[in-house]
Amino acid sequence: MSKHPQGHVFYRRMAHDYPVIERGEGVYLYDAGGRRYIDASGGPLVVNVGHGVGSIAQAMARQAAQVAYVHGSLFTTEALEAYSRRLAAKVPLPDARFFYLSSGSEAVETALKFVRQAQLARGEPARDRIISRWGSYHGMTLGTLAVSGKPSMRAPYASMFQDMPHIQPPYCYRCPFGATWPECGLACARQLEDEVLRQGPERVAGFIAEPVGGATLGAIVPPEGYWELVGEICDRYGLMLIADEVLTGYGRTGAWFAMQRFGVEPDVMALAKGATGGYFPLSITAVRGTDVEAVRVAHGDFNHGGTFSHHAVGAAAARATLDYLEGDDLVGRAAALGPSLGEQLDEALGGLPSVGDVRGIGMMWAVEFVADRETKAPYPRDVHFADRVCARCMELGVLLYPGHGSVDGVRGDHLMVAPPYVVTGDQLEVIVGTLRRAIEEVADVADLA
Ligand SMILES: Cc1ncc(COP(=O)(O)O)c(C=O)c1O
């Protein structure tokens, strides 16, 4: 059933045989060949409420029939106003304001521009650098690649963007400082201060990071004290703190927003995936009302664009998703189920020779693979260990999200397990059991190779 290159779709992966998905329901996807898959990661951690939720589809249809599109620089809609009121009560930002676009990349790009403009409004025109972290991912545009720390995605385009300073991530399994927490003294957080001083504090506009490192390194949960220290350093040097919650927002870590777990208030948040759980491509940049007011006073407007910004159908989808999350207390369910998912993964996989680390939080878990548990040596890249495990899981009816590059940007394999919050205990057992079987099978072949 291969569709590439015979058809007219320019697919993302040219060698992949694309099954045609016909429908989804809860954690399940069904293809045209009659196969059923458990969607245990929602692609790159998008599907939080599950597939086929009728109330979300109906809310979108109603809004589209009423009015689908108005230009964001001329009109507003009740859908947008009502959703924004609801969201303002949830995010850890005082008097929040929301700028709506269509992808996580755009939400981050908006965050970068907003921070720059807010610093201009504060009378700090030299502040045009945003410090970020290696081992991060913030988006596909040139601006967001400049702050991303994923070498393989940056490489072909690196000469086309203005690079930004990067510091090391809180990646305890392979600590970049060769240290162990707490003896490390949070060297990774302290490096932010070193970098600010190296750049010159008057040049640095902000710091961007994922509250829990997402797809690039695989669910790296920062050690206790990390975010408090980062917050203090940002305050000390006048940096605006951007929390990229594109992946962690809307309950993925067991809290509505991951920064709430760490007790630190950012200045700006980027949100996307879970806002509509995949029902509409909507992203949100959340900022403080006081900063918006400062920009208004200094410049009249925020200098930005977006034909599809502030979309009414997106807002209706987000509102219905919020209703569904709240109505069934799905964030509470994610918080309750998360630790048992972690325990099951640890128990089933922790002892396997090719599993180096099982880590995560809430409904966001990763398994990192190694060729040697003692030395933590990764498999050679051409083994494609995580890709093969995910391909085997797919054959067995379970969908997971692979990643690579944790060691040096190229070598190092992991995969992510992040099912919709509606997943049941029985389904979790199937996911974990299938994953164990696939790892054992792939390891047998890889070790012989
Ligand atoms: C933390 C984070 N930021 C930004 C993005 C980019 O979002 P999008 O792919 O919707 O543009 C992603 C995507 O995976 C992400 O995980």
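The values are calculated or read from the model by the stated rules, or taken from the named source; none is laboratory data. Predicted model, so just to flag it, every value in this text is computed and none were measured. Please note: Cβ atoms are built from the backbone with ideal geometry, for glycine as well, and neighbour counts cover all protein chains shown. Side chains are part of the model used for accessible areas, which takes the heavy atoms of the whole protein and leaves out ligands, DNA and RNA. Shrake-Rupley method; radii C 1.70, N 1.55, O 1.52, S 1.80 Å.
General remarks:
- Under Karplus coefficients 6.51, -1.76 and 1.60, residue-wise ³J(HN,Hα) of the stretch 416-428 in Hz, glycine/proline x: 10, 10, 8, x, x, 5, 7, 4, 9, x, 5, 5, 4
- For the chain, the carbon plus sulfur part of the accessible surface works out to 53%, probe radius 1.4 Å.
- Peptides ranked, highest mean first, by Cβ atoms within 10 Å: ranges 12-23, 431-442: 431-442, 12-23
- For the stretch 329-448, accessible area per residue (1.4 Å probe, heavy atoms of protein chains only), Å²: 39 Å²
- Relative intensity, log₁₀ I(q)/I(0), of the chain from a Debye sum that treats every alpha carbon as a point, q = 0.14 Å⁻¹: -1.43
- Treating r as the C-beta distance of Ala32 and Ala88 and R0 as 51 Å, the FRET efficiency rounds to 0.75.
- Asp235-Glu78 pseudo-label distance in nm [points 7 Å out on the Cα-to-Cβ vector]: 4.3 nm
- Its Cα centre serving as origin, the stretch 329-448 has a Cβ charge dipole (Lys and Arg +1, Asp and Glu -1) of approximately 240 debye.
- Applying the Karplus relation 6.51 cos²θ - 1.76 cosθ + 1.60 with θ = phi - 60° to the stretch 430-441 yields 3J(HN,Hα) values of 5, 4, 5, x, 5, 4, 4, 4, 5, 4, 4, 5 Hz, where x marks Gly and Pro.
- Here the label points at Asp382 and His71, each 7 Å from Cα along the C-beta direction, are separated by 5.6 nm in the simple model.
- Label-point gap, in nm, between Gln58 and Ala298 - each point 7 angstrom along Cα→Cβ: 4.7 nm
- Take every Cα pair under 8 Å whose residues are at least 6 apart in sequence, average their separation, divide by the length of the stretch 55-327, and the relative contact order is 31 percent.
- Magnitude of the charge dipole, the stretch 252-371, Cβ model with Lys/Arg +1 and Asp/Glu -1, debye to 20: 260 debye
- For Tyr401, residues with placed amide H under 5 Å, excluding near neighbours: Met416
- Our compactness index for the stretch 40-156, the C-alpha radius of gyration over the empirical 2.2 N^0.38 Å, is 1.33.
- Only Lys, Arg, Asp and Glu carry charge here, each on its Cβ (+1 for the first two, -1 for the last two); on that basis the chain has a dipole of about 960 debye about its Cα centre.
- Accessible surface comparison of Trp227, Trp181, Trp365, Trp134, probe 1.4 Å, protein chains only, largest first: the order is Trp181, Trp134, Trp365, Trp227.
- Annotation: extensible slack from Val407 through Ser340 equals 21.3 nm (criterion: 0.36 nm per residue apart, minus Cα-Cα distance).
- Close amide H partners of Gly213, meaning residues 5 or more places away or on another chain with modelled amide H under 5 Å apart, are Ile220.
- Potential extension, Phe10-Asp328 segment - 0.36 nm per residue separation minus Cα distance: 110.6 nm
- Shown for the stretch 113-248 is the translational diffusion coefficient from the Stokes-Einstein equation, using the Kirkwood radius over Cα pairs, a temperature of 4 °C and a viscosity of 1.567 mPa s: 85 µm²/s.
- Extent along the principal axes, Cα only, for the stretch 211-297: 37, 33, 21 Å, with the longest axis given first.
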